[in-house]
Amino acid sequence: MKSQVIKIRNLPEQEKKPKAVRVKPTELLLLCAAAGLAVAVTGSSAAPTGLVLCVSAMFALTMLPDKKLIEFTPDFLIMYNLRDNDSCMIIYWDEIVQWRYDYHQAHDELVVYLVDGSTQSQDLFGKYAILRQMNMYAAGKEIKSVR
């Protein structure tokens, strides 16, 4: 089996930039900051609300920590959220037997079943990007959630 835990520095080079899912929703925060700034500049009665929205979004962008949770490449899936921050799990697409996306109150979880009978799971926060990528690379292997 080629899938294994490796050091992040030993990841194979990719020609194309992998699609990454991170903890922080950067695009949404930038949109909120821009919308808040636009409302604040108008000088309307909603200007203080716009300013609060802009400052909150900028605080989240600059001060709160961010890290990669998972990356999708044409050859394999990379799961980063391991106990050792220098390591990651590399899973080749042809070694995935089944996968499912579970919904929980605090976070969602991607569970991947491998050919050797083991399972790998990853806590996630963004359903649509994950489902789109998993259906593209591991099509027909999804176990539908009961929920």
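The values are calculated or read from the model by the stated rules, or taken from the named source; none is laboratory data. Treat the numbers as computed from the prediction; the structure is a model and nothing was measured. Please note: Cβ atoms are built from the backbone with ideal geometry, for glycine as well, and neighbour counts cover all protein chains shown.
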Note: among 102, 94, 108, just one is touching a helix residue (DSSP H, G or I) at 6+ places or on another chain (Cβ under 8 Å) and not hydrophobic (A, V, I, L, M, F, W, C), namely 108
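Yes/no matrix, rows are residues, columns are (1) modelled with pLDDT of 90 or more; (2) polar (S, T, N, Q); (3) touching a Ser or Thr at 6+ places or on another chain (Cβ under 6 Å); (4) more than 14 Å from residue 112 (Cα to Cα):
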position: 45; (1), (2), (3), (4): no, yes, no, yes
position: 52; (1), (2), (3), (4): yes, no, no, yes
position: 58; (1), (2), (3), (4): yes, no, no, yes
position: 77; (1), (2), (3), (4): yes, no, no, no
Within the stretch 13-22, restricting to residues that are in contact (Cβ under 8 Å) with a residue 24 or more places away in the chain and farther than 23 Å from residue 65 by Cα, the one that is surrounded by the fewest Cβ atoms within 10 Å (Cβ to Cβ) is 16
State whether one or more residues within the stretch 13-22 are touching a Leu at 6+ places or on another chain (Cβ under 7 Å) and at pLDDT below 90. yes
Note: among 119, 49, just one is more than 18 Å from residue 132 (Cα to Cα), touching a helix residue (DSSP H, G or I) at 6+ places or on another chain (Cβ under 9 Å) and not hydrophobic (A, V, I, L, M, F, W, C), namely 49
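Can you pull out the strands (runs of 3 or more DSSP E) entirely within the stretch 1-120 that have at least 3 residues that are hydrophobic (A, V, I, L, M, F, W, C) and under 14 Å from the mean Cα position of the chain (by Cα)?
Answer list for the stretch 1-120: 68-72, 76-79.
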Given the conditions (1) within 21 Å of residue 130 (Cβ to Cβ); (2) in contact with a Gly (Cβ under 9 Å, 6 or more places away or on another chain), every one holds for residue 38 apart from (1)
*Tell me, please, whether a residue that is out of contact with any Cys (no Cβ under 6 Å at 6 or more places or on another chain), on the phi < 0 side of the Ramachandran plot, of a type in the set (S, T, N, Q) and modelled with pLDDT of 90 or more can be found in the stretch 93-110.*
yes
Residue set 3, 87, 56; condition of a type in the set (Ser, Thr, Tyr), touching an Asp or Glu at 6+ places or on another chain (Cβ under 6 Å) and surrounded by 13 or more Cβ atoms within 10 Å (Cβ to Cβ); output residue 3
